[in-house]
Amino acid sequence: QAWREKVAIFVVMMFCSACFIGVSGVIPMFLCRETTVFTMDEIQARDRAEDWTVIFGVIYDIQDYAAAHPGGDQIRDLVAKDSSKVFPRRPPGRLPSACVNREKEPSREPECDDFDEVDELVGLHCHSSVGFKGVEEAMGDYERGVLAHRPHVLDNDLHTEYLIVYDRVYNVTKYIDSIKDDVTGEIDAESERAHLSDDLNSLIINKRGQDATMVYEALYDDDLALSCLDDLFYIGVLDDKGNILCRALNIAMYSVMIIIAAVLAIQCLCSLLYLVRTKRTITRDDTRSRVIVMVPCYNEGDRELRKTIDSVMDTSYPDDNKVLLVVADGNITGKGERMSTPETLSKILGYKMDPSDRMYNCKSIGDLTENRAKIYYGISKDAGKELKYIVIIKCGLPCERDSARAGNRGKRDSQLLFSGLLNRFHHGRELNDLDEAIKNALDHMQLPLDEVRYLMAIDADTRVDRESLSHMTYSMNKNDHILALCGETKVDNKAQSWVTMIQVFEYYTNHHMKKAFESVFGCVTCLPGCFTMYRLFSDDGRPLLSCDDVYQRYATNNIKSLHDKNLYHLGEDRMLTTLLLRYFPDMKLSFVPEASCYTIVPDKFSVLLSQRRRWINSTFHNMLELLRVNTMCGVCCLSMKSIVILDLVATLILPASLIYIGYIVYITFWMGEPLSMLMLVVWGIVVGVQVVVFLLRSRWDYWWWFFIFILAGVPVFYFILPLYSFWHMDDFSWGTTRQVSRSAVKSVKSRDETVISDRESPRGFEVENSKAVDGSANKGAGRKTKHGQSAPV
């Protein structure tokens, strides 16, 4: 079933991409791309690739003709210009008698009568090729097209008198000027210089500035008179790029580009709003709220866990008002690690583990709906700092003895252990064994559960900035309508490899453009699990994160479709954010750029593929869920839901959009096709706003990361990763980011499996102002701690 759904979605993606490529590239290339008719602006725009000039409305390529030209390279001065004045037109006296008034004795000598004083002064040469026929005989092999004139340009030119017949444009300015009365300036149809036949003379005088096709057809049955007009006045054709299909496609493409540029410009402005905010002054009163910092972990080793725990301890937030809650998702040993994650936590925090420690019953999600867990708590001390901690280790059921991942139920299950406790506690329901143990541990550390106001969630490889916790609680305290918020996640291993380097700018712009924009409207659509703070209850006691609607939907175990599996197995953080948006429309989800953390990003391409497969697929399915949220900010097209739709479509056509950009670059720089000024402005906005965001923050180093992203990151993020992700949408594993050492797991489990009894271990300690015992098991751990073996009964 999942495979069929994946194929269907992939086909939809390819269809959308094909439509985008077809509408933006293929159809215009074959139906709308002009190859023989060009305006003067288009000719001038192509002067880098073509050496074109215009003679009597016809375009000639003089690149090859220059070698045979008697004047040598001087002819290149005429490139991208109208060269008609250096060629004489056919004299009126040589026209067929039907076209002229023989009584007026028209001139029979060809002359270049458009020369001005400068031309005569420099001795500009008048060629001997006369009229159309003469120029065609001399340069016919170099003809490339016809000059086109736009109607609005002709109408707005007050100095040009023109006539249109069969979409052919005739410049009759000199003729009209010649028959005007020298005194009154009025047109004199009987002037001695009105050398054309009466019909042609009347046609020109009465229909100048108009389309005279119908009048011409009424006067003439053949094209003889038209050939006379060609010889005397022809300057090109009327621009006929008014093809309805082509015009619609152009309007559609420009509209899309303008909308994208407008959205990015608004995102930039929203980001800049944070620069003009008043500087924060955080007082002691702003840090009195009780906070639990929750860290779900799985297979992390000593380096990652120690970095995270140390950063939480080193925050400026008062030690008495924060507690670290670590949930180890099974007794797992990561690949390349010598100790299991629970053993590593024991070494860092200093508590003792014993196979006989009590295991508490708890509910879980997945195929096994029961689980057992051990709990340890205490106070870790280092360099004058203290950190209260609770460690929960999910151990699994007796039937999981032979499993390589006993007790492992996933990150969502780890989150639900604590949110389930909050749900039952806030609604006055019966607590399970593990709930009681956690509550008692908090009581013993003088942080009663009913006094805990905020829950901060970070990942086990996240390094929290020293002031981040204070900035987050400050924002929460100052605005009671903020339900949850996140800070900026920065890359900690920027220069480790090319894979990490292409992610630096992407992380930056996703926060300072995307999240900053959404935060202005209180609708951040993704609060990352690596760095987010939640409000647990409102001032009137209403449960928020633990309300029944959110908890029951988030704790669902009925996950069968590909859509639900991507939501709950791979994108639990996004799904939780969507649930908060849906059930609390009166509250805000915000972004606090002052708060920051650092995370380790994938340094190998295979790991990046695995990570982004989960992110892209879960994001796609979560956007479908966001479309069902009817309480998002805005109305109709001017709403956050419209932004979600744009993001959804953009996700589907990312590979096609990169192909389109490559096509534009190719025809512009290699084929010399002109790029319209509007397109240049739009692309300038698209790129410029992303540069402005870091320049105005004086982050000059991001120039380097920006160029790395453009050169190497864009093909990866916009082409390779989307295609790979959509084709592997039915892969719900965590891939190479969750590798474990099976031998280590078995060795750890062999010790734990000897204990099946649920007997109680010794009671936990009471928090006292005395020195902690430095047990031998903690040697080399670098921490002195007060500790207990398990939670009290």
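Quick notes on this structure:
- Cross-chain or 6+ apart pairs with Cβ under 7 Å, segment 494-511 first and more than 16 Å from VAL607 (Cα to Cα) and of a type in the set (Ser, Thr, Tyr), then outside any helix (DSSP H, G or I) and open to solvent by less than 30 Å² (accessible area, probe 1.4 Å): TYR507/THR489; TYR507/VAL491
- Residue within segment 481-490 that is modelled with pLDDT under 95, closer than 24 Å to LEU576 by Cα and part of a helix (DSSP H, G or I) present: no
- Subset of segment 191-204 (residues that are of a type in the set (A, V, I, L, M, F, W, C) and either surrounded by fewer than 19 Cβ atoms within 10 Å (Cβ to Cβ) or assigned to a loop (DSSP other than H, G, I, E, B) (or both)): ALA194
- Only residues that are under 57 Å from the mean Cα position of the chain (by Cα), of a type in the set (S, T, N, Q) and closer than 15 Å to TYR170 by Cβ were counted across segment 211-253, and they come to 1.
- Test: TYR534 is in contact (Cβ under 8 Å) with a residue 60 or more places away in the chain, open to solvent by 40 Å² or more (accessible area, probe 1.4 Å) and aromatic (Phe, Trp, Tyr): no
- Members of segment 77-111 that are open to solvent by 100 Å² or more (accessible area, probe 1.4 Å) and touching a helix residue (DSSP H, G or I) at 6+ places or on another chain (Cβ under 6 Å): ARG108
- Count of segment 546-563 residues, restricted to those that are outside any helix (DSSP H, G or I), among the basic types (Lys, Arg) and surrounded by 12 or more Cβ atoms within 10 Å (Cβ to Cβ), is 0.
- Being in contact with a strand residue (DSSP E or B) (Cβ under 7 Å, 6 or more places away or on another chain), over 20 Å from ASP413 (Cβ atoms) and not in a strand (DSSP E or B) is a property that MET623 lacks.
- Residue match in segment 665-685 (condition: open to solvent by 40 Å² or more (accessible area, probe 1.4 Å), touching a Lys or Arg at 6+ places or on another chain (Cβ under 8 Å), touching a residue at least 12 places away in the same chain (Cβ under 8 Å) and β-branched (Val, Ile, Thr)): no
- Some residue of segment 588-604 being within 20 Å of the chain's Cα centre (by Cα), free of Cβ contacts under 8 Å to residues at least 40 places away in the same chain and outside any helix (DSSP H, G or I): no
- Residue identified as among the charged types (D, E, K, R) and in contact with a strand residue (DSSP E or B) (Cβ under 6 Å, 6 or more places away or on another chain) among LYS494, LYS490: LYS490
- Residues being part of a loop (DSSP other than H, G, I, E, B), open to solvent by less than 60 Å² (accessible area, probe 1.4 Å) and under 22 Å from ILE59 (Cα atoms) - total across segment 211-255: 2
- Pairs, first part of a helix (DSSP H, G or I) in segment 396-416, second open to solvent by less than 30 Å² (accessible area, probe 1.4 Å) and of a type in the set (Val, Ile, Thr), C-beta under 6 Å, six or more apart: ASP413/ILE365; SER414/VAL327
- Positions within segment 522-545 being in a strand (DSSP E or B) and among the aliphatic types (A, V, I, L, M), in sequence order: MET533
- Taking each residue of segment 23-35 that is at pLDDT below 65 and looking for partners that are of a type in the set (Lys, Arg) with beta-carbon atoms closer than 8 Å, six or more apart or interchain, yields GLU34/LYS241.
- For ALA373: the one exception among (1) open to solvent by 10 Å² or more (accessible area, probe 1.4 Å); (2) assigned to a strand (DSSP E or B): (1)
- Answer residue from segment 281-302, given it is assigned to a strand (DSSP E or B) and of a type outside the set (A, V, I, L, M) and is surrounded by the fewest Cβ atoms within 10 Å (Cβ to Cβ) among those: ARG290
- Test: residue in segment 569-583 that is closer than 30 Å to GLY428 by Cβ, open to solvent by 40 Å² or more (accessible area, probe 1.4 Å) and more than 21 Å from the chain's Cα centre (by Cα): yes
- Taking every residue in segment 203-218 that is without any contact (Cβ under 8 Å) to a residue 40 or more places away in the chain and pairing it with any residue that is surrounded by fewer than 16 Cβ atoms within 10 Å (Cβ to Cβ), at least 6 positions away or on another chain, the pairs with Cβ-Cβ distances below 7 Å are ILE205/ALA189.
- Residue count, segment 514-531 (criterion: closer than 25 Å to ASP603 by Cβ, in contact with a Ser or Thr (Cβ under 7 Å, 6 or more places away or on another chain) and either polar (S, T, N, Q) or open to solvent by less than 10 Å² (accessible area, probe 1.4 Å) (or both)): 1
- The residues listed here are ASP540, ASP461; of these, the one that is over 16 Å from ALA595 (Cα atoms), out of contact with any strand residue (DSSP E or B) (no Cβ under 7 Å at 6 or more places or on another chain) and among the charged types (D, E, K, R) is ASP540.
- Checking ILE645 against (1) aliphatic (A, V, I, L, M); (2) assigned to a loop (DSSP other than H, G, I, E, B); (3) open to solvent by 50 Å² or more (accessible area, probe 1.4 Å), the condition it does not meet: (2)
- Taking first residues from segment 645-661 that are closer than 11 Å to MET13 by Cβ and partners that are open to solvent by less than 40 Å² (accessible area, probe 1.4 Å) and among the small types (Gly, Ala, Ser), the Cβ contacts under 8 Å between residues at least 6 apart in sequence or on separate chains come to LEU652/SER17; ILE653/SER17; PRO655/SER17; ALA656/SER17.
- Being open to solvent by 70 Å² or more (accessible area, probe 1.4 Å) and over 18 Å from VAL54 (Cβ atoms) holds for only one residue in ASP167, ASP177, ASP114, ASP188, and it is ASP177.
- The set of residues in segment 687-709 being part of a helix (DSSP H, G or I), more than 17 Å from MET501 (Cα to Cα) and either modelled with pLDDT under 85 or open to solvent by 50 Å² or more (accessible area, probe 1.4 Å) (or both) consists of VAL687, VAL692.
Table: residues versus (1) over 58 Å from the mean Cα position of the chain (by Cα); (2) at pLDDT below 85; (3) not hydrophobic (A, V, I, L, M, F, W, C).
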{"residue": "TRP52", "(1), (2), (3)": "no, no, no"}
{"residue": "TYR65", "(1), (2), (3)": "no, yes, yes"}
{"residue": "ILE75", "(1), (2), (3)": "no, yes, no"}
{"residue": "VAL86", "(1), (2), (3)": "no, no, no"}
{"residue": "LEU95", "(1), (2), (3)": "yes, no, no"}
{"residue": "PRO106", "(1), (2), (3)": "yes, yes, yes"}
{"residue": "GLU120", "(1), (2), (3)": "yes, yes, yes"}
{"residue": "SER128", "(1), (2), (3)": "yes, yes, yes"}
{"residue": "GLU136", "(1), (2), (3)": "no, no, yes"}
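- Condition check for ALA148: surrounded by 16 or more Cβ atoms within 10 Å (Cβ to Cβ), modelled with pLDDT of 85 or more and out of contact with any helix residue (DSSP H, G or I) (no Cβ under 6 Å at 6 or more places or on another chain): yes
The values are calculated or read from the model by the stated rules, or taken from the named source; none is laboratory data. Note that the structure is a prediction, hence the values are computed from the model and not measured. Neighbour counts are summed over all protein chains in view; Cβ atoms, including those assigned to glycine, are modelled from backbone coordinates with ideal geometry. The accessibility values were calculated without ligands, DNA or RNA, using every heavy atom of the protein model including side chains. Shrake-Rupley method; radii C 1.70, N 1.55, O 1.52, S 1.80 Å.
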